[in-house]
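Before any comments, here is the structure.
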Amino acid sequence: MANHKSALKRIRQSEKRRVHNKYYHKTTRNAVRRLRENNDKADAAAFLPQVVAMLDKLAKRNIIHKNKASNLKSSLMKHVAAL
C-alpha cells in the first residue's frame, strides 16, 4: 500500500478517472453498435453526427486512439451511405 499522502490521492484520482472513462467508452460503443444495427437510412443518417461527436470526444481525451476513432467513423459513414 502507498505510504505517502500524495500517492494515496493519486490512487483515488486514477480510480475516479478510470470509472469515468469506462462509462463514456461503453456508452459510445453501445451507440456504435446501435448505429450498425440500424437499417433505416434516414434514422441512421440523423444518428450518425451524434456518434461521430462521441468518438471525437473520446479521441480528444485520449480514451481511445485518434486513428481508431477515424477508422470507426469511416466504417460507420460507409455503412450509412450503403443503406
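Read-outs: derived from the displayed coordinates by stated rules, not from any lab. What you see is a predicted model; the values in this text were computed from it and never measured. A quick note on method: Cβ atoms are made from the backbone with ideal geometry, for glycine too, and the neighbour counts reach across all protein chains shown.
Among N67, P49, A82, pick out the residue whose Cα is farthest towards the positive end of the charge dipole of the chain, where Lys and Arg carry +1 and Asp and Glu carry -1 on C-beta, about the Cα centre.
N67
Return the lysines within reach of K5: Cα separation strictly under 18 angstrom, same-chain partners fewer than 8 residues apart disregarded; answer none if there are no such residues.
In chain and number order, the partners are K16.
Would you please name the trypsin sites (Lys or Arg not before Pro) within segment 44-83 that are DSSP coil residues with at most 14 other C-beta atoms within 10 Å of their C-beta?
In loop regions of segment 44-83 (DSSP not H, G, I, E or B), the sparsely surrounded trypsin sites (Lys or Arg not before Pro) are R61.
Mind running the shape call on segment 39-83? Use the C-alpha gyration tensor, a ≥ b ≥ c as the square roots of the eigenvalues: rounded below 1.5 for a/c, prolate if a/b tops b/c, oblate otherwise.
oblate
Quick check: residue separation of A82 and R10 times 0.36 nm, minus the Cα distance between them. What number comes out in nm?
Computed gain between A82 and R10 is 21.2 nm.
With charges set only on the Cβ (+1 for Lys and Arg, -1 for Asp and Glu), what does the dipole of the chain come to about its Cα centre, in debye to the nearest 20?
640 debye
Report the normalised scattering of the chain as log10 I(q)/I(0) at q = 0.20 Å⁻¹, calculated by the Debye formula with identical scatterers on the alpha carbons.
Each listed q maps to, in turn, -0.86.
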